[in-house]
Structures are given as structure tokens and as C-alpha cells.
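Every read-out reported here was derived from the displayed coordinates using simple, explicitly stated rules and does not represent laboratory data. Bear in mind the structure is a predicted one, so any value in this text is a computation, not a measurement. Cβ placement follows ideal geometry from the backbone for every residue including glycine, while neighbour counts extend to all protein chains displayed.
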Amino acid sequence: MSEKKTPLHAEHVALGARMVPFAGYSMPVQYPDGALKEYGAVRGDASAGLFDISHMGQVRVEGAGALDFLQTVTTNDVARLADGQVQYSALLDEDGGFIDDITTYRLAADAYLLCVNAANREKDVAHLERHAQRFDARVTDESDDTTLLALQGAAAQAILAPLVDGDPDTIGYYRFAGMRICDAPCVVSRTGYTGEDGFEIYLPNKAAITAWRALLERGAQPAGLAARDMLRTEMGYALYGHEISAEVTPVEAGLMWITKLDKGDFIGREAVLRRKAQGPRRVLIGLELRERGIPREGYPVLAGGETVGRVTSGVHSPLRGCGVALAYVSPEAAEREDFAIGVRNRAIPARRARPPFVRSRTRR
Amino acid sequence: MTIPADLQYTKEHEWVRIEDGVATVGITDHAQEALGDIVFVELPEVGREVGPGEAFAVVESVKAVSDVYAPVGGEIIEVNEALEAGPEKVNTDPYGEGWLVKVRMSGETVELLDEAAYATFLEE
């Protein structure tokens, strides 16, 4: 079966992007100037990168029982959201393992939008539909009709502002607003996966190409999955399949801050409480290499001459000038400050470092 | 896509310049382009003996780790230390400043292609 294409596929090919299969889609991993330049556009002081992340899923949840339903299936406290507010959250299974990490948008008391990972979309929708049956709530998968762009970097607002009919400056961090871009309705949310100021823009497919080209014309630099992975790893943000999976609970993943045990019952709550009481089976830590080398997924983490864990994500950080990694280690080893990462036949010394590895510049 | 006429090439996308029994080795323009931005190069110790076709260095890009194979057998007599601070030289000047090692040849080599044969190989 061939890969699916986002509405911007031909644009990426025309720009000379190297396309790779990702989560069932043909996606740009980088454009001809290379991932480091794209990274630089996002981290720079007067530029911004533009990502096509239309492969991600969007699920609408509506109805008088939408809030109660979402409280049951998500970990974060949905009742804390006001209209126009977003929260990072997760779907857990009965064992407290991750089904997915998501963001929850409240449009109105009875209308919400969930943004989910591309690789988990079908699984998430099936899970949501199954559990929605107990509530006065309808679940609609809108992914195929929705284009999602991420405009990230110091120049994001200046680039976007003339193209929309509202004022993006009025949108606070983890807030969103309905606006129009290129003559089409859109949702502009001040969120992202890079640690820079920026926006994620949800728009109908029919406006995708016009909006993409308009943003590039205003100076946004097209950026692909390779740069995206460098940026999120530098921030210590989890990626499903790496830091989070069905095999870990929020206790291990350090995501108890989005797991509101006091909000009432939710799927996985009992399991999380048990795990919290027993202590995590492993602990997610950040590591910075003290000598040259690049840590990568799967490399062993060593301490006291033994393997105590494994790297889940790792990159060379251009800003830090060294390798940085996220890794799961045993709870005993998690007490230490000094480790080594096995890279081929070398044990590269690494120190414990709490992410983010670079300074966050999201709006406060 | 540059393929200088005065060099020889391998099917693993290394180039070699042989002068007076010493081979200078690097990776080709095709290889550096396929790898993307190179962020780390691991070179062997001077003095190490390598056999033809043996993996002797590693070139790492943002997304990938790639072994480099010795086109010729012999002793590593010099490595390009400038790549430690400037790994991107392999991208910007793969046949010049991006050279990896120099080998005093023992006489054995892998199959070496001339420029025309390498160009044909790339088209396959």
C-alpha cells in the first residue's frame, strides 16, 4: 500500500525535499539546504521555520456530555479549560500505559478538538468512540479534512500577522483563536513542539497551498522532520514510541504534571496510583555528553561499569555544541549524576542534565 | 554531482588519490549529499593497520550513522584532525578539505573504479 500524502506533498517535492515514509504518510525529512539550516531558522533571533504536520490527527468531540467524557478518557483536568484554551494531555489504557499523548482544545463547553499523533490516530479514534458510547458525546475524525502547519521561531508572529484577520499578539501561550487566513477559516494556536514562540495553524485543505506559499513568501523557511526531532529533543519533549508507549505510565515518563489524580476517576487512574505507590520501574532522565559523540536511540546507558538503561532519543545539539539525550534508567541508577553512553566501542562520559537542554523562548 | 577525473572510486562511495604509495581517502560528493549535514566524524588512530574493505571510520549525519570502508589496505599515517571542529567540511569540500585519512599502502585494494565507471555505477 502506498503512503498517504498531505495536501502539500507536491509543494515539498517541488522544493526539492527528501521525502520519507512516516506514520503511513510521505513526509519531508529535510529540504535542500539541510536540517541544520532549518533548525537554525527556528532557533534564530529573526527567523522562523514552517512545518507541514498535516499527518497528525484531529478529532472533534461534541455534545452535552463532552466534558464528562473527556474527563474520563484523558489524564489532565479538562474542567480547568476556558473557551480558547489548550492543554497537553494523554490517553491511558486500564494499566496506566500510554495510548497517546495529545492536546485538548476547548472551543465551547460542549465542543472540543483533540490533536493526536499520526501513528496513533486510528487507535485513538477507536478508543474514543468505544468510550463515548456511555456519554452524550459524538466523536468525529476530522484528520483527513484538516491541514496543520507549525510556524515556529522568533519571527513567527511578524510573519503571520499580516496574513490573518485577527491579531496573533492577543493569543497567549496555550491559547487559540478562530481567524481567517487566505480567505479560509482557521484556528491559530500559540503552541508548538520546539520551545520557541510560534503558532500551530489548523485550516481546511482547500486553503493549504495558498497559506503555505504565503507564509514562505513572508520569509518562513520550510523545515522537515529531521529538524523537528532535533528541536523537540533539545526541549526534552516526549515522542510516542520513544519516551512514551504502552509500556510506561506517566510515573516513569515524568508526566505526572498532566495527570490530575484529584480530578475524579479516569481510565488508568487506579493503575497510576498503584504505580506511584510502588515506585516507577524505570526513570526518564536527561543526559549531556561531556565528550564528542552523538547519542542515539537504543544506545546503552552505563554506570558503575554496568548497563543501567537505554537512550530513547538523542541528538547533537548545535546550540549546546554537544550530544544530548533522553534515556530510561533503573530507579537506583537515577540517583546518580554521572553516566556514560555506549557509542560503538566507546563509553562517552555523560552528566545528568534536566531538560530543556536549551532555553525555552515560548511566551509566558 | 562532482566526480573528479584524477581520482579512483569504490562501490561504497569512497574516493582515493594515490601518490607514491600513499592513498588519501574520503567520501564522494554523492555520499555526502545522501547523508545530509554531517555533524560528527570518528577517525581511526594513526598507526592502525586496515585491510581493504574494512570499516575504519564513521561519518554521522543528523539522522544517520554511516561506516566508511578502506579502499586500500595499509597503515593509517595521518588523519584529518580539522574534521573534529569542522565536520561540515566533508559536505562542503568532500574531495579537498573533507579528506579523512592517509594510508601507506600495503598493495592490496578493493575493486577501484575510474571516474567513468563510478558515474555509470551511480546511474544503476
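Annotations
- Subtracting the Cα-Cα distance of A:Ala108 and A:Glu337 from 0.36 nm times their residue separation leaves 77.8 nm of extension gain.
- With the gyration tensor restricted to C-alpha atoms of region A:252-322, the semi-axes of the equivalent ellipsoid amount to 32, 16, 9 Å, longest first.
- Semi-axis lengths (Å, descending) of the ellipsoid that matches the C-alpha gyration tensor of region A:166-207: 19, 12, 7
- Between A:Ala246 and A:Ala46, the simple label model (points 7 Å from Cα in the Cβ direction) yields a spacing of 5.1 nm.
- Computed over the Cα atoms of region A:71-115, pair by distinct pair, the Kirkwood hydrodynamic radius stands at 10.7 angstrom.
- Reported to the nearest whole Å, the Cα centre-to-centre distance from region A:17-82 to region A:184-209 is 9.
- Diffusion constant of region A:182-332 at 10 °C, which comes from Stokes-Einstein with the Kirkwood Cα-pair radius and 1.306 mPa s, µm²/s: 87 µm²/s
- Region A:26-108 - Debye-derived log10 I(q)/I(0), Cα point model, q = 0.15, 0.20, 0.21, 0.24 Å⁻¹: -0.75, -0.94, -0.97, -1.11
- Largest first and in whole Å, the equivalent-ellipsoid semi-axes of region A:152-246 read 25, 15, 14, each the square root of five times a Cα gyration tensor eigenvalue.
- Radius of gyration, Dmax [region B:71-112; alpha carbons; angstrom]: 11.9, 32
- By the beta-carbon count within 10 Å of each Cβ, the least crowded to most crowded order of A:Ser2, A:Ser330, A:Ser54, fewest first, is A:Ser2, A:Ser330, A:Ser54.
- Distances between every pair of Cα atoms in chain B, grouped in 5 Å steps from 0 to the bin holding the largest one, split as 2, 12, 24, 25, 21, 12, 3, 0 percent.
- Rg and Dmax over the alpha-carbon atoms of region A:260-364 stand at 16.1, 50 Å.
- Set A:Lys5/A:Lys123; A:Lys4/A:Lys37; A:Lys5/B:Lys11 screened for pairs whose C-alpha atoms are more than 22 Å apart: A:Lys4/A:Lys37; A:Lys5/B:Lys11
- The Rg/Rh ratio for region A:125-191, using Cα coordinates for both the radius of gyration and the Kirkwood hydrodynamic radius, is 1.10.
- Scattering from region B:18-67 was approximated by placing one identical point on each alpha carbon and applying the Debye formula without solvent; log10 I(q)/I(0) at 0.15 1/Å stands at -0.49.
- Of A:Leu128, A:Ser26, A:Thr74, farthest towards positive along the dipole that unit charges on Lys, Arg, Asp, Glu beta carbons give chain A: A:Ser26
- Distance between the 7 Å Cα→Cβ label points at A:Asp262 and A:Gln133: 3.5 nm.
- For the protein assembly as shown, the fraction of alpha-carbon pairs in successive 10 Å shells from zero, as %: 4, 18, 25, 24, 16, 8, 4, 1, 0
- Compactness of region A:308-354 as Cα Rg over 2.2 N^0.38 Å, two decimals: 1.13
- A:Glu217/A:Arg281 FRET efficiency (R0 35 Å; Cβ-Cβ; nearest 0.05): 0.10
- Other residues whose C-beta falls under 11 angstrom from the C-beta of B:Met105 contribute a net charge of -2, scoring Lys and Arg +1 and Asp and Glu -1.
- Per-pair calculated FRET efficiency, R0 = 22 Å: A:Glu122 and A:Arg180 via Cβ, rounded to 0.05: 0.10
- Extent of region A:1-42 along its three principal axes (Cα atoms, max minus min coordinate, largest first): 35, 19, 14 Å.
- Hydrodynamic radius (Kirkwood) for region A:1-160, which is based on Cα pairs only, to one decimal in Å: 17.3 Å
- All Cα pairs of region A:187-231, percent lying beyond 13 Å: 66 percent
- Those residues of region B:57-76 whose amide nitrogen sits under 12 Å from the label point placed on A:Arg346, 7 Å along Cα→Cβ: B:58-60
- Once both labels are positioned 7 Å from their Cα atoms along Cα-to-Cβ, the gap between B:Thr92 and A:Glu3 label points is 3.1 nm.
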